[in-house]
1. Across peptide B:72-80, how many C-beta atoms of other chains are within 10 Å of each residue C-beta, on average?
2. Which whole-Hz ³J(HN,Hα) couplings does region B:228-245 yield from phi under the Karplus relation 6.51 cos²θ - 1.76 cosθ + 1.60, θ = phi - 60°, glycine and proline marked x?
3. Please compare each pair in A:LYS24/B:LYS141; B:LYS43/B:LYS213; B:LYS141/B:LYS217; A:LYS28/B:LYS217 to a cut-off of 23 Å on the Cα-Cα distance and tell me which ones are over it.
4. To the nearest whole number, what is the average tally of beta carbon atoms from other chains within 10 Å of the beta carbons of peptide B:42-55?
5. What is the Cα radius of gyration of region B:64-131 over 2.2 N^0.38 Å, N being its residue count?
6. What whole number of Å gives the distance from the Cα centroid of region B:31-68 to the Cα centroid of region A:3-42?
7. Of all the C-alpha pairs in region B:22-119, what % are more than 22 Å from each other?
8. Comparing B:LEU231, B:LEU200, B:LEU183, which has the greatest mean-square fluctuation in the GNM of chain B with Cα pairs linked when under 10 Å apart?
Amino acid sequence: MNALIFGGLAIISLFIFFNLGKMKASSKQLNRNNRINRFGTQQNTNNIIEGESKEIVDEDKD
Amino acid sequence: MSKHSALNTFGRSGNPAFTKNFGGSAYDLPLNQRMTLDGAVNKTGILLCLCFAGAFIGWNIPALLMPAWIIGMILGFVTIFRSPSKAGSTAPLYALSQGIFLGGITLFFEAQFPGIGIQAIGLTFGILASLLFCYKSGLIKPTENFKLMIFSATMGIALLYFISIIMSLFGGGGIPLIHSNGLFGIGFSVFVVSIAALNLVLDFDYIEEGAEKGMPKYMEWYGAFSLMVTLVWLYLEILRLLAKLRSR
């Protein structure tokens, strides 16, 4: 009985792993600002507000 | 740049296998040379098969336990610190040798507590599947703070085990209480199992991010190897916890 229950649990879990593992994570997981950025290659563009940035010209500096 | 100085000093992952800087920019590789989720999961499957094959050998020839453990440790360190890009050749050997070690050690536990091996296997894969579901659905969200916490706890446990081994080598019997079957010993084992299990979340996130950012193909083997390292640790800790519970 012990072998049946835990063996069954192992087989079902492996089946879940091999199917679920190949699926992309939910957008709730992927689209958030506090994600770990290990490879540091993607720039976070969330801080740029479209239409509100202004080019600085030399006259403004003075 | 991270806000945490500890992260900058010790690396950016809880799992030592993930602290290497792999260089190379993402998105500049052809599609067939990029890491994918499918590839990483399939390679984990290959490593699991090799681990089970090794366990069969270790179960039948328990004398191989110690040599296999030493070879597995060496291969693990070589993969992490010397050649992550060669994980395709070292990871299968690591899985095979660790399988032999796990098969041998499970035989010894089985002799004392019949049926403990299958319980530990069921619980290990049960935890793997449930945490994968929690990660994919977004129930558990790994952040820099989460990673720092898991990394600190993992390093703390490693240090404690190292001191315990040194103490037992000099006849001290290791650190008292943590190996006992009392409440403290069981509580400690539950804590270690929890930390090992949460390392799985970091492994999933690493593989997901690597595939998302199109890292090189060999990272599939490296991701699968890292998952194996955590699974081997988790299995051993569950085995110890069950042994403590059943010896009461």
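Read-outs throughout are calculated quantities, based only on the coordinates presented, and are distinct from any laboratory measurement. All values reported here derive from a predicted model rather than from experimental measurement. Glycine also receives a Cβ, built like all others from the backbone with ideal geometry; neighbour counts cover every protein chain displayed.
1. Mean partner shielding for this stretch: 0.
2. Going residue by residue, I get 5, 4, 5, 5, 4, 5, 4, 4, 4, 5, 5, 4, 5, 5, 5, 4, 5, 5 Hz, with x marking Gly and Pro.
3. Check vs 23 Å cut-off fails for B:LYS141/B:LYS217; A:LYS28/B:LYS217.
4. Values: counts 3, 0, 3, 4, 0, 0, 3, 0, 0, 0, 0, 0, 0, 0.
Other-chain Cβ atoms within 10 Å of each residue's Cβ, averaged: 1.
5. Ratio of Rg to 2.2 N^0.38 Å for region B:64-131: 1.31.
6. 19 Å
7. Working: 1951 of 4753 pairs.
When all Cα pairs of region B:22-119 are counted, 41 percent exceed 22 Å.
8. B:LEU183
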